[in-house]
1. From the list 13, 44, exactly one residue is at pLDDT 95 or above and among the aromatic types (Phe, Trp, Tyr). Which is it?
2. What is the residue count in the stretch 149-163 for residues that are within 14 Å of ligand 1 (Cβ to nearest atom) and farther than 10 Å from residue 135 by Cα?
3. Look through the stretch 96-150, keep the residues that are outside any strand (DSSP E or B), of a type in the set (Asp, Glu) and without any contact (Cβ under 8 Å) to a residue 40 or more places away in the chain, and return whichever of them is surrounded by the most Cβ atoms within 10 Å (Cβ to Cβ).
4. Scanning the stretch 15-52 for residues that are within 11 Å of ligand 1 (Cβ to nearest atom) and of a type in the set (Lys, Arg), which turns out surrounded by the fewest Cβ atoms within 10 Å (Cβ to Cβ)?
5. Condition (residue is outside any helix (DSSP H, G or I), touching a strand residue (DSSP E or B) at 6+ places or on another chain (Cβ under 8 Å), among the basic types (Lys, Arg) and at pLDDT 95 or above) applied to the stretch 166-175: is it met by at least one residue?
6. Give the residues of the stretch 161-185 that are under 15 Å from the mean Cα position of the chain (by Cα) and more than 18 Å from residue 37 (Cβ to Cβ), sorted by residue number.
7. Of (1) in contact with a Phe, Trp or Tyr (Cβ under 9 Å, 6 or more places away or on another chain); (2) surrounded by 13 or more Cβ atoms within 10 Å (Cβ to Cβ), residue 177 satisfies all except one. Which?
8. Looking at 193, 199, can you tell me which residue is among the small types (Gly, Ala, Ser) and assigned to a helix (DSSP H, G or I)?
Amino acid sequence: MLHNGCLEKASQWLRSAKSLAVLTGAGISAESGIPTFRGAAGLWRNFRPEELATPEAFARNPILVWEWYEWRRELIAAAEPNPGHLALVELERRIPRFTLITQNVDGLHDRAGSRKILKLHGDIWTDRCTVCGSEVVRQPGEKASTQPPRCECGGIRRPGVVWFGEPLPADVWRKAEEAVQNADVMLVIGTSAVVYPAAGLAPLAVSRGAKVVEVNLEKTPFSSMVDCSIQGKAGEILPKLL
Ligand code: BJW
Ligand code: ZN
């Protein structure tokens, strides 16, 4: 169903949900002013994210990749959570079994006040040493560096995110699958649904008989398979669903 007529139905499902899984993507942070990956605004110096978010790109040109992340960290530090993020905080408060699964690395769900967050693709505020694996958490607003910093062990640090070709953190992924398998309702918000394995979670919920509701500005590969696909801005639709 590709019309907004299902908004009322979706909010009924949410009211009676005992177990809710939510999957978010870059679209939920778009109204906070953070560019999505696959829109025109996602371009940085004419590079596509697929050319920058890979271990090969970092190995080839660590400074270039590092600068992209510093640019994004600056945008994110200046941004605020929006009504979409806040609506999910309220759902967490209302629904007994609630799991927020996010592909986003921006930390806006944390800043909005969500507590149970599974970060599938890591966190842009964490740096990880490429040699010893030790992690350092940075504070938004910390002075930017133009080069990837060095670890005490001498290794160079990289952003603690998941790049193409890298496995997702195994425990986080296991919990995400579990939450989706046990959900009676699933919300899929602001994701283009092209990046796996995250894109497999909504089909998993469908196959388990959950009611699946999509909120997105545009149609996606999920739209025709879900129970209700609502086209609109997450920051406007989610508060209406409550
Ligand atoms: C709004 C809105 C508003 C806008 N309101 N909506 C062929 C087939 C299947 C899989 C593969 C394949 N070839 C390669 C793969 C694997 C690959 C993959 O899926 N590639 C596909 C692209 C083809 N996946 C991987 O490599 C993953 N790892 C893996 O598979 O490991 C296997 C393995 C096992 C064991 C050992 C080794 C390996 C890893 C994927 C990692 C993805 N990483 C990134 C970067 C993270 C760090 C960073 O942020 O820099 O994650 S890529 C980027 O895409 C980022 C995002 O989380 C992810 C998803 O993007 P998202 O969130 O959907 O954003 P957009 O921009 O695409 O969409 C925004 C949406 O919002 C749009 O629909 C808008 O309409 C909407 N919108 N405003 C509501 N206001
Ligand atoms: Zn180290």
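1. On the way: 44 fails: at pLDDT 95 or above.
Among 13, 44, only 13 is at pLDDT 95 or above and among the aromatic types (Phe, Trp, Tyr).
2. Applying the first criterion (within 14 Å of ligand 1 (Cβ to nearest atom)) to the stretch 149-163 yields 158-163.
Within this subset, residues satisfying the condition of being farther than 10 Å from residue 135 by Cα are 161-163.
The total comes to 3.
3. Filtering the stretch 96-150 for residues that are outside any strand (DSSP E or B), of a type in the set (Asp, Glu) and without any contact (Cβ under 8 Å) to a residue 40 or more places away in the chain, the one surrounded by the most Cβ atoms within 10 Å (Cβ to Cβ) comes out as 110.
4. Among those that are within 11 Å of ligand 1 (Cβ to nearest atom) and of a type in the set (Lys, Arg), it is 48.
5. So in the stretch 166-175, the residues outside any helix (DSSP H, G or I) come out as 166-169.
With touching a strand residue (DSSP E or B) at 6+ places or on another chain (Cβ under 8 Å) added as a condition, the list becomes 169.
Cutting the leftovers down to among the basic types (Lys, Arg) gives us none.
Scanning the stretch 166-175 turns up no residue that is outside any helix (DSSP H, G or I), touching a strand residue (DSSP E or B) at 6+ places or on another chain (Cβ under 8 Å), among the basic types (Lys, Arg) and at pLDDT 95 or above.
6. 169, 172, 173, 176
7. (1)
8. On the way: 193 fails: assigned to a helix (DSSP H, G or I).
199 is the lone residue from the list that is among the small types (Gly, Ala, Ser) and assigned to a helix (DSSP H, G or I).
The values are calculated or read from the model by the stated rules, or taken from the named source; none is laboratory data. Quick caveat, the model's predicted, so the values are computed rather than measured. Neighbour counts are summed over all protein chains in view; Cβ atoms, including those assigned to glycine, are modelled from backbone coordinates with ideal geometry.
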